[in-house]
Structure formats: structure tokens, C-alpha cells
1. Normalised by the empirical 2.2 N^0.38 Å for globular proteins, what value does the Cα Rg of segment 41-82 take?
2. Quick one: 3J(HN,Hα) in Hz for segment 117-134, Karplus 6.51/-1.76/1.60 with θ = phi - 60°, rounded, Gly and Pro as x.
3. Which value results when the Cα radius of gyration for segment 35-134 is divided by 2.2 N^0.38 Å?
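Nothing in this text is a laboratory measurement; each read-out follows from the coordinates by a stated rule. On a predicted model such as this, the values are computed, not experimentally measured, just so you know.
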Amino acid sequence: MVPRQAFWWATVGVLLGCGTRDRLTFPSESPGDSAGPVTRITSPAQPDTAVVGGDLLIVQGRVVDVDGVDAVYFEVQGSNQGFAPLRGEGADTVYFALQLSTQNASGATVLFRAYGVDRLGDQGDPDSRQIHIE
């Protein structure tokens, strides 16, 4: 075969052999799952908890998302405490542990909520604990 004919046949072979099923395609929308991060408070374990005023109270948990956690937000009602958001920096699991003050709070009921937002902007459902300070 003449080199020009060989090139032509090779080109035809490549074109015929590459159907649309063989071509690389990329999603036109974000590849995320459209679901926000899953937040679980692991301590205290019960959704409704009582503690003695002055005792050390640490709220622990984790936020998980396959798209990567951008930030974890905390809300505290019934107490003069607040916490800045925790940056997730795209990790698929972010752990948190925060100390809630129970000093001089006898008789108060505190609602603690935590939720995450993934890197795509999807917000997950919050997990919460109601804490009665005796």
C-alpha cells in the first residue's frame, strides 16, 4: 500500500471504531448527589438529656458527605453561648467536640443544633439535643 492510502484506511478505522458509546462524556450539571451532609451528635447520646449545673458538658459528633463538607454550623438557644462555624475544607468526614457551659445555668433548657453544608452548597438536616440543666 502507498503510505497515503494506509493513513486514509487507518483514519477510517479509527472513525468507525469510535462510536458515541466509546467517547468520554462529562456531566453538564454538578456531579453531586443533591443531598446535604449527614450530621450525627454522638454525645450526649439521648435527644433529651439532663445535667447538673456546673458539670462539664461536651457535645460531640460528626458530619459526613461524599461531596466534601464545606462547613459545620452550630446553633445554641437558651444560653449565652455561640460557636463559630467549623471549616470542613472538603473532607468527607468532619468531627466536632464543643464544651457547653453549665455554670450558673440551673433551671435552664438549652437547645443545641448542628448541621453541615457540602462544597456544592447543599445543606443537610440538623441533629439536635435538648439539654435540661438542673
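1. Values: Rg = 13.1 Å, N = 42, 2.2 N^0.38 = 9.1 Å.
So the Cα radius of gyration is 1.44 times the expected 2.2 N^0.38 Å.
2. 10, 8, 5, 8, x, 7, 9, x, 6, x, 10, 9, 9, 9, 10, 9, 9, 8
3. Working: Rg = 13.8 Å, N = 100, 2.2 N^0.38 = 12.7 Å.
After normalising by residue count via 2.2 N^0.38 Å, the value is 1.09.
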